[in-house]
1. Please find, among B:F54, B:F121, B:F42, the residue that is more than 7 Å from every other protein chain (Cβ to nearest Cβ), of a type outside the set (D, E, K, R) and touching a Pro at 6+ places or on another chain (Cβ under 9 Å).
2. If I ask for residues that are within 19 Å of B:T234 (Cα to Cα), touching a residue at least 60 places away in the same chain (Cβ under 8 Å) and not in a loop (DSSP other than H, G, I, E, B), which ones from the range B:29-56 would you list?
3. Considering (1) touching a residue at least 60 places away in the same chain (Cβ under 8 Å); (2) within 12 Å of another protein chain (Cβ to nearest Cβ); (3) polar (S, T, N, Q), say which one A:T245 fails and leave the rest.
4. Can you name the number of the only condition in (1) touching a helix residue (DSSP H, G or I) at 6+ places or on another chain (Cβ under 6 Å); (2) part of a helix (DSSP H, G or I) that B:T137 fails?
5. Could you please find all residues in the range B:202-219 being of a type in the set (A, V, I, L, M, F, W, C) and more than 11 Å from B:Q150 (Cβ to Cβ)?
6. Looking at the range A:249-261, is at least one residue under 30 Å from B:A168 (Cβ atoms), more than 9 Å from chain B (Cβ to nearest Cβ), of a type in the set (G, A, S) and surrounded by fewer than 21 Cβ atoms within 10 Å (Cβ to Cβ)?
7. The conditions are (1) more than 10 Å from chain A (Cβ to nearest Cβ); (2) part of a loop (DSSP other than H, G, I, E, B), and B:I143 fails exactly one of them. Which is it?
8. Taking the options B:M182, B:M257, B:M201, B:M189, name whichever one is in contact (Cβ under 8 Å) with a residue 24 or more places away in the chain and within 8 Å of chain A (Cβ to nearest Cβ).
Amino acid sequence: MSTEDRGNRFLGPVLALPGIVWLLVFFLAPLYVVLAVVFGGLDPIFRTAVPIWNPAYWDTTQMRYVLEHIVGPTGFFGPALLRTAVYVVTASLLCLVIAFPIAYYVARLAGRWRGLLLALLIAPFWISYMMRMLAWVNLLANDGLVNRILPGQVDWLSGRSEVVVLGLVYGYVPYMIIPLYAGLDRLPQSLVEAARDLGASRTSAFFRVTMPMCRPIVVASVLLTCLPMLGDYYTSDLLSGSPQTSMVGNLINETVLTPGQTGQAGAFVLLVLLVSLLPMIYYVRSVSRDEAGL
Amino acid sequence: MSGRRTGWWRDPWRKPRILVAITVGYLLWSLLPVLVAVLFSFNDGKSRTVWQGFSMRWYWGDPYRSVWYDDSLHAALVQTLRLGIITTLITVPLGVALAIGLDRWHGRLPSGANAALLLSFVIPEILLAVALLFVVTNVALPIALGTSAQVVGLVTYQIAYPAVLVRARLATIGTQYEEAAMDLGASPMQAQRRVILPMLMPAIVASAVLVFADVIDDFVIVRYLSGDSSTEPTSVKIYNTARAAPTPALNALATLMLVTAMLAVVLGFAIYRWIGRRSGHDGGIGSFTGEA
């Protein structure tokens, strides 16, 4: 490290410090505030949250309340949690089924069309999520285009799971295509050519060489799509608006602004954080490994 | 080469027609609904589903309910742009400095900071939004709900973009250029400013565009951290009124945001290519996906 021998030693810390302080104050410390609110008390008159900062005095009432109402006869939170899991898994799998062939085609086979196709695939990134949902609200409205083209009058926008899942797929597919494309684009073509030279057919080269190399890319892309979906509540709100399709995000959204229930919102936030922690750590580790390998 | 016309039946993978069909079908499915929504922002009538002729009524023609004259729509548009500009101006320098710093600093603290940075990139947005809402409402900080809290939230959520893009670029630059600069008498800081920073310009421009376009589309953070309706940006406006009998003015508002984002991207890409060509680093549009 000859650069560090020349008085460069302090440059790194000096440049990095503002960003590190920012992350500490506005990213890591807030997570502790969530704990203090969840394990805190309630103001008896104003029903506002009273955080308890010292872990020694933490009060588990609010957390227990949420956990006790997940399963069993009074488990009114359970269905939404289960539904979140089903929606997220279904939507992610559908995303993968749609995204993989497209990313594969654009990365490996598209030739001179690649730039244009890539620009069109990225376009949804620059169109706000709300605009894209608004587009479907217009199309699926009772007097909308879909009802006029398809036979029969269907009330699409009131509590239909399939509409919400398709909305999720529509909303999040671009977030899967792009990392898949980036990963597939980096795969060495030479290994596939070697397999073909050694007598593998196209199909068997794909399944025995390309697919195994794709696995980490696929896992990372699925994570990048699943994680934001876990906190989604607006898709269900806009495309259904019914409690029959509410997800854990809706539970957070409905409790967080209700007096006396902010602690519950915090408890759901902790639950989602716990569930997403492992995938997030996996993602961080795989990215760090890539960086180390550069 | 016999049976060229029927060959793909027997071996569908010979020419990727099925893949072409999937890709084209997907693009239609993904872009047509938005085009329809844009089209209806030019509708002459109040309907968002029945075409009644072309007009600019919902942009400025209608003296009460058009984007230009309806104060709440107007305010949402201004707030969105304000957040986009302020956040970009804070996030990009902060993220670039963080990336250069982390690249030159080895140890437990910087690698922990790097992990936190990546976590902030993938954490479900609602978790960060609720956590910051709790901070603003429970801790005595000079940050109030409204623009300042929104900017803090957005910077935290976006800082990974410039940091990750710039680190990827730094990895390809290597250390030889700044070593050469310092051999020639530059101080470490001068070497960064006069040698490394210009080489990082393409990555910085790309990340600025990414941050700006992402911020003006943001919804979760800006909604929880907005104080009242005066600081609710476009996305929140769309969410609040999409199901409650809106007029095509809402489509017009959304279309304006779309045009703004596209303009930012096209402009950014032009600058990116121009700088890239001058510094001999000619990246494609792929560098604009945020996937370093």
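Bear in mind these aren't lab numbers, they're just calculated from the coordinates by the rules spelled out. Just so it is clear, the model here is predicted, and its values are computed rather than measured. Every residue, glycine among them, receives a Cβ derived from its backbone with ideal geometry; neighbour counts consider all protein chains shown.
1. On the way: B:F54 fails: touching a Pro at 6+ places or on another chain (Cβ under 9 Å); B:F121 fails: touching a Pro at 6+ places or on another chain (Cβ under 9 Å).
Step by step, each of B:F54, B:F121, B:F42 is checked, and only B:F42 is more than 7 Å from every other protein chain (Cβ to nearest Cβ), of a type outside the set (D, E, K, R) and touching a Pro at 6+ places or on another chain (Cβ under 9 Å).
2. Within the range B:29-56, B:V34, B:A37, B:V38, B:F40 meet the criteria.
3. Only one criterion is unmet by A:T245, namely (2).
4. (1)
5. Keep residues of the range B:202-219 that are of a type in the set (A, V, I, L, M, F, W, C), which gives B:203-206, B:208-213, B:215-216, B:219.
Result: B:A203, B:I204, B:V205, B:A206, B:A208, B:V209, B:L210, B:V211, B:F212, B:A213, B:I216, B:F219.
6. First, the residues of the range A:249-261 that are under 30 Å from B:A168 (Cβ atoms): none.
Scanning the range A:249-261 turns up no residue that is under 30 Å from B:A168 (Cβ atoms), more than 9 Å from chain B (Cβ to nearest Cβ), of a type in the set (G, A, S) and surrounded by fewer than 21 Cβ atoms within 10 Å (Cβ to Cβ).
7. The one condition B:I143 does not meet is (1).
8. Numbers: B:M182 fails: in contact (Cβ under 8 Å) with a residue 24 or more places away in the chain; B:M201 fails: within 8 Å of chain A (Cβ to nearest Cβ); B:M189 fails: in contact (Cβ under 8 Å) with a residue 24 or more places away in the chain.
Of the residues listed, the single one that is in contact (Cβ under 8 Å) with a residue 24 or more places away in the chain and within 8 Å of chain A (Cβ to nearest Cβ) is B:M257.
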